[in-house]
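Taking it in order: structure first as structure tokens, then the write-up.
The values are calculated or read from the model by the stated rules, or taken from the named source; none is laboratory data. Keep in mind that this is a model prediction, so the values were computed, not measured. Cβ sites come from the backbone with ideal geometry, for glycine too, and all protein chains shown count toward neighbours. These accessible areas exclude ligands, DNA and RNA; they are computed on the full protein's heavy atoms, side chains included. Shrake-Rupley method; radii C 1.70, N 1.55, O 1.52, S 1.80 Å.
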Amino acid sequence: MKRYDSIVGIDLGTSKTCIVIAEIVDEKNFEVIGAGTSDSRGINAGVIVNIDEATDTILDALDKAMEMAGKVRVRDVIVNVSGKYIKSFDTTATVNISRGKGAIITENDVKRVIDAARINASSGGDEEIIHVLPRNFIVDNESGIQNPINMSGSKLEIDALIVTGNPTSLRNLRTAFDNADLYVSDVVVNALASGESTLSIAEREQGTAVIDIGSGTTDIGVFSDGSLIYTRVIPGGSKYVTNDISIGFKIPFEDAERIKINHGNALPEYIDKSSTIKVDIGGIHQKDISVYELSKVIEARAKELLSLAKKGLDKSGYTRYIRNGGVVLTGGFSLLKGVDKLAESVFETSVRVGFPNYTGPLFEMVNTPIHSTIMGLLLYGIKNIDERDRRYNGPLDKILDFIRKIFGDIF
Ligand SMILES: Nc1ncnc2c1ncn2[C@@H]1O[C@H](COP(=O)(O)OP(=O)(O)OP(=O)(O)O)[C@@H](O)[C@H]1O
Ligand SMILES: [Mg+2]
């Protein structure tokens, strides 16, 4: 039995918590039927810092999304994870296919080698493994195989990317959802989700970095040969820009946020030096602000945030992988005018702003770099729907199914 008629993604961001509910159309497609956003509380730089506040935020966003989606039952959710504890590294593993000459590799063999990679990666570390992402399979020493199922061979090897997080952080995340009566079926690292929704297949193959700069975190993901090959999270985001405006012009944070969005530009050289804007401060009095000076403040901090991302990438040694595809900048920070040009000068490669590639119903609501992560969570959900159904069809679930059949909708 299929459990899933819908997929629900939740993006726990530093500034906003967003929930999108989508109806599954077929094994590859979904349609958005509801979305709700709430200002985040209890979440800072990708990490839950107050469980009760985070639960309230989740419930608030959920109410809004469900109001829009109509009558749907939401229990299982796919959630992003970010923060300074996220790490990635490579591992390998091997299993023998000992069923005689010419044995055909099955799905179960692939599962075994992935499990072996997980075991290899977990030895000696306290971190929790979030993903084991196959990069390359090797069958009888033949490398570069993306899907070994149905090939014949006697030895199956895997090169995989392991993504880990801090166990306490992940426990807090699950508790916040438990308290909202929601079950986290999948945790997905932020950069994987953002890459999933914004990168084309060609970009993922050629080698491209997705850099999602939100309000408080910079999530870096490098994709090559079709898979995520590196991820890292750096503290720092667009609220630092707002903070500088607030301090520099002695205005409240909320007003600084508004003028950044409405008048901000990361390229002062294109701004008329005599141009000023009248800004309502706290709704009480007005102040004249030079648009050029505003742009200078924005440029300085934006350049710093981008340089930190570049430094992180260079330090990782993965910059050479992005020579063909360049950088796809996404997250709310990428909406800043002129930021793509500024980023090109910092990264010394081509940069484009990444929007989620979604064209279905309600696309006008979700087709923004602010929603790259959440749309990626839904794509991740639909790609892994069989795996989730299989988990659902375990022995306990079969019993629950039986009880459901008898007692109808009580469960
Ligand atoms: N049009 C715009 N121009 C400039 N900045 C914008 C614009 N729209 C949103 N932002 C900024 O984007 C940020 C929010 O981005 P986003 O929603 O991606 O962050 P988040 O997911 O909540 O946080 P994080 O991913 O860092 O945890 C805010 O700082 C906001 O000021
Ligand atoms: Mg975000």
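Details
- Heavy atoms of Ser227: accessible area, 1.4 Å probe, square angstrom to 10: 20
- Most mobile of Ile370, Ile58, Ile251 in a GNM of the chain (Cα contacts under 10 Å): Ile251
- Spin-label pair Glu364/Glu387, simplified geometry with 7 Å Cα→Cβ offset, distance in nm: 3.6
- Considering only Glu23, Glu299, Glu107, the Gaussian network model of the chain with Cα springs below 10 Å gives its largest mean-square fluctuation to Glu107.
- Heavy-atom surface of the chain, accessible at 1.4 Å and reported per residue (Å²): 47
- Gaussian network model of the chain, springs between alpha carbon atoms under 10 Å - residue of Glu53, Glu348, Glu142 with greatest fluctuation: Glu142
- Close amide H partners of Thr276, meaning residues 5 or more places away or on another chain with modelled amide H under 5 Å apart, are Val291.
- A probe of 1.4 angstrom, applied to the heavy atoms of all protein chains, finds Glu269 with accessible area near 130 square angstrom.
- Given R0 = 51 Å, the distance between the Cβ atoms of Ser122 and Glu31 translates into a calculated FRET efficiency of 0.85.
- Expected 222 nm ellipticity per residue - DSSP helices of 4 or more, -39500 (n - 2.57), all of the chain, to 500: -12000 deg cm²/dmol
- C-alpha center-to-center spacing [segment 70-87, segment 109-123] in angstrom: 24
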